[in-house]
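Rule-based calculations on the coordinates, nothing more; no lab input. Since the model is a prediction, treat every value here as computed from it, not as a measurement. For neighbour counting, all protein chains shown are included, and Cβ atoms are generated from backbone atoms with ideal geometry for every residue, glycine included.
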Amino acid sequence: MSELNGGLIIPDVPFSNEMKKKRDEEYKEAARKKMAKLCSDTQKRLKEIDIKPVNGNVLIQPYRTDPYSCVIRDGILLTDDYMYESKETGNTENAKDSPDMKLIECGKVVEVAVDCKWLRKDDEVYYYTRNATKVPFQQLGMKIIPEGAIMIGMGKGLDKRLKEQYDNIKK
């Protein structure tokens, strides 16, 4: 038995449960169809869409692993994937999992705002992760960050670009 507001008691009827299940299934199916159409329309529009950061921001595709974190010395490959004993916990931990390693990431510049001064598309950067915001666009894992919050830039001709900026500031 079920009690409704006002104290009215209505017996539980299998028929009403079946109706509820059917209504729920119809609702879910309608939602699936609507979402499929929305995704289809979006996929068509994506062919015509340009993605461009604005207001001095930089769009970055973070690397899964930092390509600059490994070096070869005396024929031995050294990476940041080493174990160490944590002073806080006393446990053996992977260096990649340390809090310091999670604060800085490396990535490739996908696009820059028109008012960015020295970074260009395809440059690589190190950036402080707390300054970056995830961009949900197509679940590509991109992040956006102000150009001024980039810690290190790497790219062909970067020295020349920085010198030009410095010379322009002096004038």
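Below is a table of values for the structure above.
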| quantity | calculated |
| --- | --- |
| Simple spin-label estimate for LYS163 and ILE104 in nanometres, 7 Å along Cα-Cβ | 2.6 nm |
| Across LYS52/LYS134; LYS28/LYS143; LYS134/LYS170; LYS121/LYS170; LYS52/LYS143; LYS108/LYS163, pairs whose alpha-carbon gap is larger than 24 Å | LYS28/LYS143; LYS134/LYS170; LYS121/LYS170 |
